[in-house]
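In what follows, a structure is listed as structure tokens, so that the remarks can point back to it.
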Amino acid sequence: MTYQVLARAWRPQRFEEILGQEAVVQTLRNALASGTLGHAYLFSGLRGVGKTTAARLLAKAVNCAEGPTPDPCGHCVSCREIADGSSLDAVEIDGATHTKVDEVRDLQELLRFHPTRDRFRVVIVDEVHMLSKAAFNALLKSIEEPPPYVLWVFATTERHKVPATILSRCQQLEFRPVATERIASRLLEIAGHDGFELAASAAESIARAAEGSVRDALSLLDQLRAFGADKVDDEAVAAVLGVPRFEVIVELVEALAEGRAAAGLSVLRRELEAGRDAALLYREVGRVLRAAVHCALDASLELSLTEDQRGRLQPLAERLGVDALTRMLGLWADQEPVVRDAGNRELALEVAALRLARWPAVRRLEQLLFGAPGGTVPPAGELHSGRVPGAGGAAGADDPRSRLAAVLWEGQPRLASAVEQSEVSLEPDALVLRFAAGAKALTAFAGSPASLKGLEAAGAAAFGGARGVRVEGGEAAGEAEADAVGHAALADPGLELARRVLGGEIVAVRPDPDAT
């Protein structure tokens, strides 16, 4: 087989080529340059981020004909043999297949002898956490006080499984996950060098799927290159990796943000029937919501989007605003354990989407409860009818009720809603509000001292001059006198909107004993 996979063909041959591990590289280079190299190192971190590569480069650096040096030549016999895996003085073993204490003792016997040709005998133990407890114990003395020509390098993806007695004898260097943007940039560089087509958005999707592992990203790129016959685009990524297209997720977010639950479920169902993973769909929706928040705050914050993606998402972000998007992102994040742990993830994803689609109604409720302008209480059955606050029902704009309500909507939407359910007339010395028979709750609410004060101020603004306010009506024949506090609560438009949005039945009203 003549083809060499990208992960091997593009393995770094110099320290500075290791992607995203600047702190580790600087530590090793400085130690080599100053002659303060330790006798045992433990490299830990995610798979595919350069641990074994760094160990081999360290072996080259200490045994290079021009070394020890932070810049091994790569051309001398020692460098070539280490790169080929044929060096007698750079021993690389797999901890998963050399777990027994007898094998460790054989290795210690080998270390009694000086290197065959080079300065150091470098022992690289990959996946060291797989060694048995007895094997670890056998290593303790050799690691703590090795011969001056021995250099230990351990690599592991699970540092917490390495005994503390081993950790304390090593210099520990943590290899971190590589940023998505840097992996995508590297993939585009490789595609340009090897002469095949790779879309920038596809490179971004591959990098995200690799979750910080450069080797995983290169393996995925190999697979997609074979699938697309040297042309890797978003369609190829969607077909092979199951990652939905960015435009589809934006369409879904837009539908949910506007409260169009049916349209959102239609998009979800289409993607699930196409074989998309429910957990992946959940993560992608969260990613797009997060990107929208960044775009709404400052477009320069979101660097992971291509220009086409930014052009598609920016209008939505500007239309919804930071506050709404932040709340939506929080609501979506709350569903993560539900989707992750559900026995039926598709059902859990649909429930999460339906909950998010209720956001517009909840936002209107919050506006009313907190007294913000624009919080309306539509008539029963018209919660989503689009009725404009202050329209005054069927009456015209010059109707006293409409004029009074229009002023109140600016700062007292609850009182404005009550006014719209009354008949308003102007008398020479008073502004009169008449409520229908049986509307004792509304009458009590409008006749409270706070409401009367607000009505007087609104009347002066709407009609000019100072007038008193008189509230009439609301009596019903044979109706027992009810508690004024209870009626005021039941007349609260916020309570009515909450009942319609959230469902339920009002069974009792009790005054707050702590209310002032």
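Every read-out reported here was derived from the displayed coordinates using simple, explicitly stated rules and does not represent laboratory data. Keep in mind it's a predicted model, so treat the numbers as computed, not measured. Neighbour counts run over all protein chains shown; Cβ positions are idealised from the backbone, glycine included.
Could you sort out which of Lys51/Lys133; Lys100/Lys141; Lys60/Lys141 sit more than 19 Å apart by Cα distance in this structure?
In this structure, Lys51/Lys133; Lys60/Lys141 exceed 19 Å between Cα atoms.
Please compute the volume of the convex hull spanned by the alpha-carbon atoms of segment 180-241 and report it per residue in Å³.
62
For segment 246-357, what class follows from the C-alpha gyration tensor (a ≥ b ≥ c being the square roots of its eigenvalues): rounded when a/c is under 1.5, otherwise prolate if a/b is larger than b/c, else oblate?
Because a/c hits 1.5 or more and a/b exceeds b/c, segment 246-357 counts as prolate.
Would you mind putting 226-236, 251-261 in packing order, based on average other-beta-carbon counts within 10 Å, highest first?
Those peptides, ordered most packed to least, come out 251-261, 226-236.
Restricting to Cα pairs below 8 Å that are 6+ residues apart, what does the relative contact order work out to for segment 180-241? Please round to a whole percent.
Here the relative contact order equals 36 percent.
What ranking do 124-137, 459-472 get when scored by the average of other Cβ atoms within 10 Å per residue, highest first?
124-137, 459-472
How much length, in nm to one decimal, is gained on full extension between Arg245 and Glu103, taken as 0.36 nm per residue of separation minus their Cα-Cα distance?
46.0 nm is the gain from fully extending Arg245 to Glu103.
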